[in-house]
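Undergrad: This is the structure, below, for whatever I ask next.
The values are calculated or read from the model by the stated rules, or taken from the named source; none is laboratory data. Source: prediction; values computed, not measured. Heads up, the Cβs are rebuilt from the backbone with ideal geometry, glycines too, and the neighbour counts pull from every protein chain shown. Only protein heavy atoms, including side chains, enter the accessible area calculation; ligands, DNA and RNA are left aside. Shrake-Rupley method; radii C 1.70, N 1.55, O 1.52, S 1.80 Å.
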Amino acid sequence: MKIYDTKTAPTPRRVRIFLAEKNIPMEYVQVDLQKGENLSIEMRAKNPIGKIPILELDDGTCISESDAICQYFEALQPEPYLFGETPLQKAQIAMWSRQVEFYLFMQIGMCFQHTTGYFKDRMNPIKEYGIDAGINASKFLNVLNRQLEKSQFVAGDTFSIADITTMCSIDFGRVVDVRMKDQHSALHEWYKRVSVRPSAKA
């Protein structure tokens, strides 16, 4: 099996970190997003919406969406549990993963797409929308800081997919100046802990 990947993009990075945490080796095939390689006929045959990453199994079956790819490997190799072990853990991790995805990761993505013009050859960037998305992302950092004042990790006492998405979001946020502030002391402490994990370099 192999994964079609873009080393510089935040979404594929989530999968690389996830697999590194589980110590699952993988062949990665690099796809140049800026050149639009992901939009080729060949790549659209693997994922009709032309997004990366894509997991291609040995029989040619393709799975896209980073969360779906991670869920697949969690089912194959549950430990260490990154989507939770108990019903409560599973629910809490799913809840926080969804909130981080919607209110931080996607908002930073929209800010990037609509304010930088990186994909202006294939979309109509609306700068005001991008600016507003960046403001929304910054506000959600306050929510995360309050959560981390009472919890070691984003979704509880164990490292999970919610932490992976949050870390990738914060790192990507620097590109559009969505950053942790001095008052986010708990978030800063959490970031120091997770960013030194070996998987963070994946």
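Undergrad: Are there any pairs, at least 6 apart or on different chains, whose C-beta atoms fall under 6 Å, with the first in the range 35-54 and more than 16 Å from residue 7 (Cβ to Cβ) and the second in a helix (DSSP H, G or I) and of a type in the set (S, T, N, Q), and if so, which?
TA: Listed pairs, sorted by first residue: 50/38.
Undergrad: Residues that are in a loop (DSSP other than H, G, I, E, B) and either more than 22 Å from residue 2 (Cα to Cα) or in contact with a strand residue (DSSP E or B) (Cβ under 7 Å, 6 or more places away or on another chain) (or both): does the range 128-143 have at least one? Give the steps one after another, and end with the answer.
TA: To start, the set of residues in the range 128-143 that are in a loop (DSSP other than H, G, I, E, B) comprises none.
No, the range 128-143 contains no residue that is in a loop (DSSP other than H, G, I, E, B) and either more than 22 Å from residue 2 (Cα to Cα) or in contact with a strand residue (DSSP E or B) (Cβ under 7 Å, 6 or more places away or on another chain) (or both).
Undergrad: Moving on. Given the residues 106, 167, which is the only one that is within 19 Å of the chain's Cα centre (by Cα), within 20 Å of residue 51 (Cβ to Cβ) and either open to solvent by 50 Å² or more (accessible area, probe 1.4 Å) or at pLDDT 95 or above (or both)?
TA: Details: 167 fails: within 20 Å of residue 51 (Cβ to Cβ).
Exactly one residue qualifies, and that residue is 106.
Undergrad: Name every residue in the range 68-120 that is within 28 Å of residue 25 (Cα to Cα), of a type in the set (Gly, Ala, Ser) and either part of a loop (DSSP other than H, G, I, E, B) or touching a Cys at 6+ places or on another chain (Cβ under 8 Å) (or both), in order of residue number.
TA: 84
Undergrad: Might you let me know whether the range 96-113 holds any residue that is in contact with a Pro (Cβ under 8 Å, 6 or more places away or on another chain), closer than 25 Å to residue 137 by Cα, without any contact (Cβ under 8 Å) to a residue 40 or more places away in the chain and not basic (Lys, Arg)?
TA: yes
Undergrad: Residue pairs, Cβ under 7 Å, 6 or more apart or interchain, first in the range 170-185 and under 11 Å from residue 112 (Cβ atoms), second of a type in the set (Lys, Arg). List them.
TA: Listed pairs, sorted by first residue: 173/179.
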